[in-house]
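Here is the structure we will look at, set down as structure tokens.
The values are calculated or read from the model by the stated rules, or taken from the named source; none is laboratory data. Quick caveat, the model's predicted, so the values are computed rather than measured. We place every Cβ from the backbone using ideal geometry, glycine too, and count neighbours over all the protein chains shown.
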Amino acid sequence: MTLLIAGLALFLVPHFISVFKSIRGRLHTAIGATPYKILYSLVSLAGLVAIVMGYGDLRASGDNVLLYNPPLWLRPVALLLMVIAIVLFVAANIRSRLKTLVVHPQIASVKIWAFAHLLANGDLASVLLFGTMLAWAVIARIAYKRQGLMSVANPVDSWGVMDGVAVVAGIAVYVVFAFWLHPILIGVSVAG
């Protein structure tokens with residue numbers, strides 16, 4: 001459990017700093033933009049590795065108690081929410097109407113991803129991981145909104161090809177990850 005918590009802290013501290021413009025600006029000034037980006041990336045990567053290892057270790061240990069038992073009918077709901085989460089994650093990197101409507105699709109994606117996993121998993125490891133990520137995404141959304149950072153620089157007024165690209169690419173990533181990579185990387189089949 002310690003490794004998972006340490007990983008979450010390592011991963012989320014730089015992400016919290018990036019949400020708050022004033023803190024990020026002071027760090028840019030103190031160490032420079034490029035060193036900041038390198039440090040941000042290295043700490044986040046170390047956190048991500050620790051999260052994956054800690055989550056796996058906790059799931060395999062006797063300490064991973066069941067906090068709640070989600071009903072089976074929530075699993076298809078979680079799978080559908082994951083399609084939406086991945087489409088939004090892809091849309092975050094494409095200039096499209098979808099990005100204009102959602103404003104910050106990557107944060108929305110994390111919220112939906114975390115919520116979907118909380119619907120399907122009630123064990124301690126899952127609640128720690130997905131509950132923490134959901135809390136971060138909610139706080140980040142509120143912070144961005146309060147700082148006036150919830151607007152799109154170049155809004156797109158009509159639906160177009162890039163919206164289709166975001167949806168098709170998101171569904172393709174979902175299929176590849178859900179049915180091939182999730183069992184390999186996470187050790188859990190979404191089909192069963």
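Considering the stretch 1-50 alone, what residues qualify as being more than 26 Å from Asp63 (Cβ to Cβ), among the aromatic types (Phe, Trp, Tyr) and at pLDDT 85 or above?
Result: Phe16, Tyr36, Tyr40.
Could you tell me how many of the residues in the stretch 168-192 are in contact with a Phe, Trp or Tyr (Cβ under 9 Å, 6 or more places away or on another chain), β-branched (Val, Ile, Thr) and under 13 Å from Val90 (Cβ atoms)?
Step one: filter the stretch 168-192 for residues in contact with a Phe, Trp or Tyr (Cβ under 9 Å, 6 or more places away or on another chain), giving 170, 173, 185-186, 189-191.
Now drop any that are not β-branched (Val, Ile, Thr), which leaves 173, 186, 190.
Keeping just the survivors that are under 13 Å from Val90 (Cβ atoms) gives 173.
Within the stretch 168-192, residues that are in contact with a Phe, Trp or Tyr (Cβ under 9 Å, 6 or more places away or on another chain), β-branched (Val, Ile, Thr) and under 13 Å from Val90 (Cβ atoms) number 1.
Identify the single condition in (1) over 15 Å from Phe130 (Cβ atoms); (2) under 18 Å from the mean Cα position of the chain (by Cα); (3) modelled with pLDDT of 95 or more that Leu81 does not satisfy, given that it satisfies every other one.
Going through (1) over 15 Å from Phe130 (Cβ atoms); (2) under 18 Å from the mean Cα position of the chain (by Cα); (3) modelled with pLDDT of 95 or more one by one, Leu81 breaks only (1).
Considering every residue within the stretch 69-85, establish whether at least one is in a helix (DSSP H, G or I), among the aromatic types (Phe, Trp, Tyr) and without any contact (Cβ under 8 Å) to a residue 40 or more places away in the chain.
In the first step, residues of the stretch 69-85 are kept if they are in a helix (DSSP H, G or I); the result is 74-85.
From the residues that got through so far, the ones that are among the aromatic types (Phe, Trp, Tyr) too are none.
No, there is no match, as no residue in the stretch 69-85 is in a helix (DSSP H, G or I), among the aromatic types (Phe, Trp, Tyr) and without any contact (Cβ under 8 Å) to a residue 40 or more places away in the chain.
Say whether the condition of being exposed (fewer than 14 other Cβ atoms within 10 Å of the Cβ), touching an Asp or Glu at 6+ places or on another chain (Cβ under 8 Å) and more than 25 Å from Phe177 (Cα to Cα) is met by at least one residue in the stretch 59-66. Don't jump to the end; show me each part of the working.
Filtering the stretch 59-66 down to residues exposed (fewer than 14 other Cβ atoms within 10 Å of the Cβ) leaves 60-63, 65-66.
If we keep only those that are touching an Asp or Glu at 6+ places or on another chain (Cβ under 8 Å) too, we end up with 65-66.
Filter once more, keeping what is more than 25 Å from Phe177 (Cα to Cα): 65-66.
Yes, the conditions are met somewhere in the stretch 59-66.
Can you name every residue in the stretch 1-58 that is surrounded by 12 or more Cβ atoms within 10 Å (Cβ to Cβ) and among the hydroxyl-bearing types (Ser, Thr, Tyr)?
Scanning the stretch 1-58 gives Ser18, Tyr36, Tyr40, Ser44, Tyr55.
Taking the condition of being under 29 Å from Ser126 (Cα atoms), part of a helix (DSSP H, G or I) and not aromatic (Phe, Trp, Tyr), how many residues in the stretch 1-54 meet it? Even if it seems obvious, please write down each step before you answer.
Just the residues of the stretch 1-54 that are under 29 Å from Ser126 (Cα atoms), to begin with: 1-20, 39-54.
Still in the running and part of a helix (DSSP H, G or I): 2-19, 39-54.
Now drop any that are not not aromatic (Phe, Trp, Tyr), which leaves 2-10, 12-15, 17-19, 39, 41-54.
Total meeting the criteria: 31.
So the check is Cβ under 8 Å with 6+ separation or different chains; which pairs have a first residue in the stretch 166-178 that's surrounded by 17 or more Cβ atoms within 10 Å (Cβ to Cβ) and a second one that's among the aromatic types (Phe, Trp, Tyr)?
Note: pairs meeting the criteria are Gly170/Phe89.
Any residue in the stretch 21-46 that is touching a residue at least 24 places away in the same chain (Cβ under 8 Å) sitting within a Cβ distance under 6 Å of a residue that is in a helix (DSSP H, G or I) and not aromatic (Phe, Trp, Tyr)? List the pairs, counting only those 6 or more apart or interchain.
The qualifying pairs are Tyr40/Pro14; Val43/Leu10; Val43/Pro14; Ser44/Pro14; Ala46/Leu10.
Looking only at the stretch 68-78, count how many residues are surrounded by 13 or more Cβ atoms within 10 Å (Cβ to Cβ) and of a type outside the set (Lys, Arg). Give the steps one after another, and end with the answer.
Applying the first criterion (surrounded by 13 or more Cβ atoms within 10 Å (Cβ to Cβ)) to the stretch 68-78 yields 70, 74-75, 77-78.
Then drop every residue that is not of a type outside the set (Lys, Arg), which leaves 70, 74, 77-78.
Number satisfying all stated conditions: 4.
Being crowded, with 21+ Cβ neighbours inside 10 Å and either closer than 12 Å to Leu12 by Cα or not assigned by TED's automatic domain parsing to the domain that holds Trp73 (or both) is the filter here, so list the residues in the stretch 114-139 that pass it.
Scanning the stretch 114-139 gives Leu129, Met133, Ala137.
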